[in-house]
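These notes are about the structure you will find just below.
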Amino acid sequence: MGREPVTITSRRNPVIIKICSLTDKKNREAERLFRFDGIKLYCEAACSGVELVYVLLRVSDYEAVISKIKSHGGPDPFDTPARVILLPERIFGSVSEEKSPEGIISVAKYIDKFHKIATINNNSDSGLSETKGKIIMLENIQDPGNLGTMLRCASALGFERVILAGACADIYNPKTLRAAMGATFRVGTLAFRGCEGADVVRALRAVGRRVFAATPGEDAINLGDIELHASDVFVIGNEGHGFDAELVRACDASVRIPMSPGSESMNAASAAAIFMWEIANCR
């Protein structure tokens with residue numbers, strides 16, 4: 001074991017207050033820090049080179065937690081640059097966002113090398129031309145669980161970047177991080193601010209990408225009736241509200257997943273997985 005841990009016994013400690021405040025997006029953005037619970041996410045983050053700032057351990061069983069971390073291939077928190085803090089069970093339980101906490105909470109710096117903010121000004125492509133791999137675009141995906149699931153699928157299927165447009169959930173929301181299961185530490189995102197989804201579509205087309213709106217509309221082309229290329233981009237929208245007309249017009253075409261008669265539209269994350277699978281199998 002490396003450095004000695006710090007023990008904190010008060011919920012009013014300034015460090016604990018700051019860590020708890022990271023539940024809110026405005027505080028995360030102000031501090032450029034995010035938090036997450038659990039052994040698996042700690043291991044994924046540490047092994048992916050994420051810069052950990054604090055690691056909180058439940059004092060009653062922290063040695064058992066460290067043993068589990070090592071069995072998962074993760075580094076001993078005491079061997080990382082993070083400040084290790086031991087908390088009594090009562091304090092730890094009030095800080096954790098899990099119903100059954102595993103005994104570890106991590107705080108890390110924003111991953112700016114993977115997750116970038118972009119705007120479209122003066123016909124700039126905002127770096128889209130530099131992205132050579134597979135891309136999927138998400139617009140107004142407001143449910144953090146859905147967003148995390150899509151990030152997880154994008155990572156698993158080898159997508160280089162996920163484009164975020166409109167009012168998408170925060171990638172650093174604890175629910176997004178939990179659903180992404182470590183994908184947030186591996187797959188890049190490009191979040192467009194101050195522009196409409198249609199503007200992003202036009203920027204993608206300007207750098208040579210074909211862009212298709214994923215929509216169940218009757219005038220959409222059936223998936224399977226179109227020859228796809230690895231450079232093609234599907235746009236997945238909010239399952240409750242769909243796309244506005246301008247975005248659909250900006251796309252090359254609309255594509256739908258054929259479904260059995262009488263079926264409801266698919267969950268956005270499930271539909272995204274199908275579209276990503278089709279692109280992943282293109283050469």
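The values are calculated or read from the model by the stated rules, or taken from the named source; none is laboratory data. Bear in mind that the values here come from a model prediction, so they are computed numbers and not experimental data. Cβ atoms come from the backbone with ideal geometry, glycine included; neighbour counts cover every protein chain shown.
Based on what the data block shows, is residue 230 under 17 Å from residue 279 (Cβ atoms) and surrounded by fewer than 22 Cβ atoms within 10 Å (Cβ to Cβ)?
Answer is yes for this residue.
Would you say residue 184 is within 26 Å of residue 81 (Cβ to Cβ) and touching a residue at least 60 places away in the same chain (Cβ under 8 Å)? Walk me through it before giving the result.
Values: within 26 Å of residue 81 (Cβ to Cβ): yes; touching a residue at least 60 places away in the same chain (Cβ under 8 Å): yes.
Judged against the criteria, residue 184 is a match.
State all residues of the range 251-269 that are in a loop (DSSP other than H, G, I, E, B) and over 17 Å from residue 205 (Cβ atoms); if no residue qualifies, say none.
Scanning the range 251-269 gives 257, 258, 259, 260, 261, 262, 263, 264, 265, 266, 267.
Can you pull out the residues in the range 254-273 that are of a type outside the set (Gly, Ala, Ser), surrounded by 15 or more Cβ atoms within 10 Å (Cβ to Cβ) and under 23 Å from the mean Cα position of the chain (by Cα)?
Selection gives 266 alone.
Which of the residues spanning the range 6-39 are buried (at least 18 other Cβ atoms within 10 Å of the Cβ) and not β-branched (Val, Ile, Thr)?
Once the filter is applied, which keeps residues that are buried (at least 18 other Cβ atoms within 10 Å of the Cβ) and not β-branched (Val, Ile, Thr), the range 6-39 yields 22, 28, 33, 34, 35, 36, 37, 38.
Please work out which residue is modelled with the lowest pLDDT, limiting yourself to the range 217-250 and to residues that are charged (D, E, K, R), under 15 Å from residue 166 (Cα atoms) and assigned to a loop (DSSP other than H, G, I, E, B).
239
Considering each of 217, 197, 208, 240 in turn, give the residue that is more than 30 Å from residue 46 (Cα to Cα) and either β-branched (Val, Ile, Thr) or in contact with a Leu (Cβ under 8 Å, 6 or more places away or on another chain) (or both).
197 is the lone residue from the list that is more than 30 Å from residue 46 (Cα to Cα) and either β-branched (Val, Ile, Thr) or in contact with a Leu (Cβ under 8 Å, 6 or more places away or on another chain) (or both).
Of all residues in the range 89-135, count the ones that are under 21 Å from residue 27 (Cα atoms), assigned to a loop (DSSP other than H, G, I, E, B), in contact with a strand residue (DSSP E or B) (Cβ under 6 Å, 6 or more places away or on another chain) and of a type in the set (Ser, Thr, Tyr).
1
Would you point out the residue of the range 169-216, among those that are outside any helix (DSSP H, G or I) and among the β-branched types (Val, Ile, Thr), that is surrounded by the fewest Cβ atoms within 10 Å (Cβ to Cβ)? Before the answer, list the steps.
Residues of the range 169-216 outside any helix (DSSP H, G or I): 169-173, 181-182, 186-196, 207-216.
Still in the running and among the β-branched types (Val, Ile, Thr): 171, 187, 189, 207, 211, 215.
Details: 171: 24, 187: 24, 189: 21, 207: 14, 211: 21, 215: 22.
Among those that are outside any helix (DSSP H, G or I) and among the β-branched types (Val, Ile, Thr), it is 207.
Quick one: residue 188 ticks every box in (1) under 22 Å from residue 267 (Cβ atoms); (2) in contact with an Asp or Glu (Cβ under 7 Å, 6 or more places away or on another chain) bar one, so which box is it?
Evaluating residue 188 over (1) under 22 Å from residue 267 (Cβ atoms); (2) in contact with an Asp or Glu (Cβ under 7 Å, 6 or more places away or on another chain) leaves (1) as the failure.
Can you tell which of 82, 64, 46 is more than 30 Å from residue 244 (Cβ to Cβ), under 18 Å from the mean Cα position of the chain (by Cα) and either acidic (Asp, Glu) or at pLDDT 95 or above (or both)? Reasoning before the result, please.
On the way: 82 fails: under 18 Å from the mean Cα position of the chain (by Cα); 64 fails: under 18 Å from the mean Cα position of the chain (by Cα).
Sole residue among the options that is more than 30 Å from residue 244 (Cβ to Cβ), under 18 Å from the mean Cα position of the chain (by Cα) and either acidic (Asp, Glu) or at pLDDT 95 or above (or both): 46.
Check the range 272-279 and report whether any residue there is modelled with pLDDT under 95 and not small (Gly, Ala, Ser).
Looking for residues that are modelled with pLDDT under 95 and not small (Gly, Ala, Ser), one finds none in the range 272-279, hence no.
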